[in-house]
Each structure stands twice: as structure tokens, then as C-alpha cells.
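Presented below is the structure to which this report refers.
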Amino acid sequence: FKMCPGRVISKLLCSGEKEVDLAVQSAKAAFKIWSQMSGMERSRVLLEAARIIREQREEIATLETINNGKSIFEARVDIDISWQCLEYYAGLAGSLAGEHIQLPGGSFGYTRREPLGVCVGIGAWNYPFQIACWKSAPALACGNAMVFKPSPFTPISVVRLAEIFTEAGVPKGLFNVVQGGAATGQFLCHHPDVAKISFTGSVPTGIKIMEMAAKGIKPVTLELGGKSPLIIFSDCALENAVNGALMANFLTQGEVCCNGTRVFVERKILDVFTKEVVKRTQKIKIGDPLLEDTRMGALINKPHLDRVQGFIKQAKEQGAEVLCGGDLYVPDDPKLKNGYYMRPCVLGNCTDDMTCVKEEIFGPVMSILPFDTEEEVVERANNTKFGLAGGVFTRDIQKAHRVVAALKAGMCFINNYNISPVELPFGGYKASGFGRENGRAAIEYYSQLKTVCVEMGDVESVF
């Protein structure tokens with residue numbers, strides 16, 4: 001494998017209506033077999049898939065780095081989270097159960113937790129392999145089949161996941177991959193044999209998917225964008241808060257939906273915090289993502305790089321100050337000269353009404369905003385259409401819990417950021433979507449309850 005940014009590494013045909021139908025029908029046939037297996041039987045297959053991923057960690061991480069442009073260091077973490085997700089839901093598969101309810105006169109009722117059928121997963125380009133595991137692991141554990149469409153910008157690594165599931169022993173066609181853009185997604189959403197849609201991506205696309213799903217009364221899980229607040233109180237452990245701010249803004253070149261890009265800093269420590277963040281940001285090693293010491297790779301493509309640059313230009317026009325970075329970066333290595341690299345950017349002198357503070361940039365751009373009181377910062381933090389995440393850094397644990405309780409966000413962090421263990425539910429409030437991935441909560445979104453009422457005596461008729 002070699003990194004050749006800006007060059008085509010493969011071409012894939014888009015799946016049309018015919019291919020989508022073949023994938024769904026294949027999944028439908030596999031579902032009949034898989035759904036009749038016990039939870040323990042499904043568990044063993046998922047554990048085997050997790051073992052293969054763990055065993056091939058380096059190969060898959062390398063593939064993901066070439067697929068996406070993120071550093072190999074981060075890609076390995078993504079692959080670890082992926083096999084952990086499969087292991088977690090393998091552990092839950094055998095425990096899925098309903099409940100028994102005693103009724104008067106010896107009658108009783110019980111519930112069954114049943115799979116939905118063929119589920120559709122539509123992934124984003126920032127965590128291609130990991131998102132596919134986050135969606136497929138709970139879906140398969142509950143007894144469903146899945147047809148997955150990766151982003152057309154990162155089509156490769158999910159195909160490897162499909163091969164791994166087959167090697168692990170799932171019925172042929174249980175996890176199918178279709179390739180393409182919006183048209184392929186529309187065919188999936190409109191298909192009459194699709195039972196549920198789970199989408200990760202932008203708000204505008206999420207709205208369209210919800211509209212299409214509504215026509216078939218299909219449940220959806222939407223994991224959309226964010227403009228999350230990171231609140232740094234003056235009583236924080238400063239070094240820890242700086243680390244948190246870097247983690248909240250510069251992972252995967254800043255292309256992370258839950259990033260804490262609005263960094264609110266208590267005025268007492270604004271100067272010292274800003275100075276330290278700028279110093280650390282300037283030291284981030286940019287370049288070939290396959291090198292061990294690289295910490296920031298290339299952005300996904302040229303249009304996206306141009307869009308991020310446009311946000312920085314607009315921020316300057318609106319009065320923000322570029323404290324560091326924001327410019328294009330050309331690595332010394334000639335083979336990387338066409339890569340979509342930029343230096344991570346920290347913006348100061350920001351106000352809440354600036355575009356860079358209100359809209360999701362989805363690039364390595366941090367906006368720093370001063371605040372004076374807890375009440376004020378909570379109100380400003382919640383003044384957004386988004387509600388995916390939020391973070392608080394403080395030594396005062398009562399204040400920490402009080403503030404996160406007041407934040408209108410689905411995923412909150414105290415004295416850390418962007419830590420997403422598979423055991424914990426992940427998802428947003430407001431325009432950031434609904435439904436949850438990971439944790440036991442995801443089981444609710446990949447299964448349905450059937451109630452059975454059993455009468456032990458004679459039926460009393462009112463007629």
C-alpha cells in the first residue's frame with residue numbers, strides 16, 4: 001500500500017435499482033435463516049467476525065487510512081472500536097428476551113422481542129469501517145439482515161467487512177454492500193422490502209431520508225451534524241483541558257460530527273488557555289498518514305477542503321482572528337504534493353453570531369469564545385439548532401454534573417472529550433437526529449415487541 005493523495009485508487013460501479021433489489025432480495029432470503037437461529041448461535045458468528053478483525057487489525061487500518069486519509073494511529077483505534085462493538089453485541093445476542101406478565105384468573109401475557117427484517121445502513125466518509133460495525137453489530141445481533149451503502153468517497157473498507165462476515169459464517173447475503181450516491185440511497189429508502197433505515201451524515205440528507213421513510217412508515221435512526229460546545233471553567237486542570245480541546249477539534253482532520261468546535265473559556269484563564277492551545281496546535285505533525293508519527297492526514301477531497309477554507313476566509317471577514325494555521329499545507333514528500341492538506345486552525349476574537357460559530361465546518365477549525373458566568377455559558381451553549389454533544393472541564397464535580405444536566409445534547413463529556421465506548425448509547429437531540437447507536441439502547445431500534453395475551457378461562461362476551 002502507498003499513499004497517493006489526489007489520485008484515483010479504484011473505480012466502483014454505482015448500484016442501480018436492479019442491483020439494489022438484488023441486494024435486498026438476497027438479504028431477505030438470508031434473514032429467514034438468521035432470524036430463526038438462537039441468540040447464542042448468532043453470538044458465536046459475531047465473535048468470530050470480531051476475532052478476524054482483531055487478527056487483521058493492521059491490514060484493515062491501513063486500508064482505512066488509504067480509504068479516508070486519517071492517520072494510521074487513529075485508524076487502528078477505529079478498528080479496535082469496531083471489533084469491540086461486535087464483541088459487545090455478541091454478548092447481548094444470547095440475552096435478548098421478552099417478559100412474562102401474570103394476569104387475573106391464571107391468565108398471563110408475554111412479550112417477544114423480534115427482529116425487523118432487512119435493515120438499511122447508510123454510512124458517512126469520516127469513520128467508514130467503524131460506522132458500518134456500529135450499525136451492523138446490533139442489527140445482526142437482533143436477528144436482522146442489513147444492506148449497507150458506504151459514502152461514495154470511501155467505498156472500500158466496508159467491502160472488506162462484508163467478506164469478514166461471510167468468513168465468520170453468516171448466511172450468504174445477510175450483510176450486503178451496495179455502492180453509489182444519492183440515487184442509490186433513494187432506491188434503498190423506497191424499497192418495499194426494507195424494514196428500517198439507519199443513516200449517519202448531514203442534516204439536509206437526513207431530512208430527505210426521513211421524508212422517504214415516512215412514505216413507507218419505516219422507522220429511522222438519524223445521526224446527523226453538530227456544533228457542540230466545550231466549556232472550560234477556570235478551575236479546570238489546564239493541561240487536561242487543553243488536551244480535551246485538541247481531542248474535541250482535530251481528530252480525523254476535524255471531520256467529526258460530535259466535535260466540540262465552540263470552545264467557551266472562562267475569561268480568567270482565556271489568555272493562558274489560548275496561548276497553550278495555539279502552541280500545541282502548531283506542533284501537530286501533518287503529512288503522510290501511514291507514517292507512525294503523523295497525527296493529522298489529508299481532508300477527504302478538494303471540494304471539502306475548499307469549503308473549510310471558505311469558512312476561515314469568512315470568519316476573518318466577520319472579525320475573527322486566525323491565531324494559527326488555516327492555510328494550505330504542502331508536505332515535503334513529492335508524492336504527497338496533490339494531497340488535500342491544511343494546517344489546523346484556531347480562531348480567536350469570536351462571537352456567537354459569526355458563521356464559523358453557528359455552522360458546522362467539519363474541518364480542523366476551533367473557535368474560542370470567552371464567558372463570565374455559568375448561567376451565561378449554558379444559555380449560549382444551548383443557543384444552537386444542533387444537540388449532538390457537549391463537554392465540561394472543571395474540578396468542581398457538582399458544577400460539572402449541574403452543567404451537563406442543563407446542556408441540550410445527547411452525548412456529554414466531563415473532563416474528557418470524544419470518548420465513545422461501545423457500551424454507552426450515542427446520539428443527539430434537536431437537529432442532530434434521534435435514535436441511538438451503541439449500548440443496550442440500540443437494541444430498541446433494531447427490534448420490535450410483540451405482545452401475546454393468553455386466556456386460561458372462558459371468554460366472556462359482551463354480545
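Table: residues versus (1) open to solvent by less than 10 Å² (accessible area, probe 1.4 Å); (2) under 24 Å from GLN179 (Cα atoms); (3) in the same structural domain as VAL158 (by the TED database).
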position	(1), (2), (3)
ALA30	yes, yes, yes
LEU47	no, no, yes
GLU64	yes, yes, yes
TRP83	no, yes, yes
(request) Look at region 182-193 and say how many of its residues are exposed (fewer than 15 other Cβ atoms within 10 Å of the Cβ) and small (Gly, Ala, Ser). (result) 2
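Matching residues to (1) touching a residue at least 40 places away in the same chain (Cβ under 8 Å); (2) under 30 Å from LEU140 (Cβ atoms); (3) open to solvent by 30 Å² or more (accessible area, probe 1.4 Å):
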{"residue": "GLU375", "(1), (2), (3)": "no, no, yes"}
{"residue": "VAL403", "(1), (2), (3)": "yes, no, no"}
{"residue": "GLY410", "(1), (2), (3)": "no, yes, no"}
{"residue": "GLU423", "(1), (2), (3)": "yes, yes, yes"}
{"residue": "GLU437", "(1), (2), (3)": "yes, yes, no"}
{"residue": "ILE443", "(1), (2), (3)": "yes, yes, no"}
{"residue": "MET456", "(1), (2), (3)": "yes, no, yes"}
(message) Let me spell it out: the conditions are (1) more than 30 Å from CYS453 (Cβ to Cβ); (2) touching a helix residue (DSSP H, G or I) at 6+ places or on another chain (Cβ under 6 Å); (3) open to solvent by less than 50 Å² (accessible area, probe 1.4 Å), and ARG57 meets all of them except one. Which number is the exception?
(response) (3)
(message) Checking the structure you have, find out if any residue of region 350-357 is open to solvent by 50 Å² or more (accessible area, probe 1.4 Å), on the phi < 0 side of the Ramachandran plot and either touching a residue at least 40 places away in the same chain (Cβ under 8 Å) or basic (Lys, Arg) (or both).
(response) no
(request) Find all pairs meeting these conditions: Cβ atoms under 7 angstrom apart; at least six residues apart or on different chains; first residue within region 136-162 and in the same structural domain as MET37 (by the TED database); second residue at pLDDT below 95 and hydroxyl-bearing (Ser, Thr, Tyr). (result) ILE156/SER10
(message) within 16 Å of the chain's Cα centre (by Cα) and surrounded by fewer than 18 Cβ atoms within 10 Å (Cβ to Cβ): which single residue out of ILE419, ILE414 fits that description?
(response) ILE419
(message) For region 343-388: of the residues being among the aliphatic types (A, V, I, L, M) and either part of a strand (DSSP E or B) or modelled with pLDDT under 95 (or both), which is farthest from GLY254 (Cα to Cα)?
(response) LEU369
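The values are calculated or read from the model by the stated rules, or taken from the named source; none is laboratory data. Given the structure is predicted, the values throughout are model-derived calculations rather than measurements. Counting neighbours? That spans all protein chains shown, and the Cβs are built from the backbone with ideal geometry, glycine included. Surface accessibility is based on the protein's heavy atoms, side chains included, excluding ligands, DNA and RNA. Shrake-Rupley method; radii C 1.70, N 1.55, O 1.52, S 1.80 Å.
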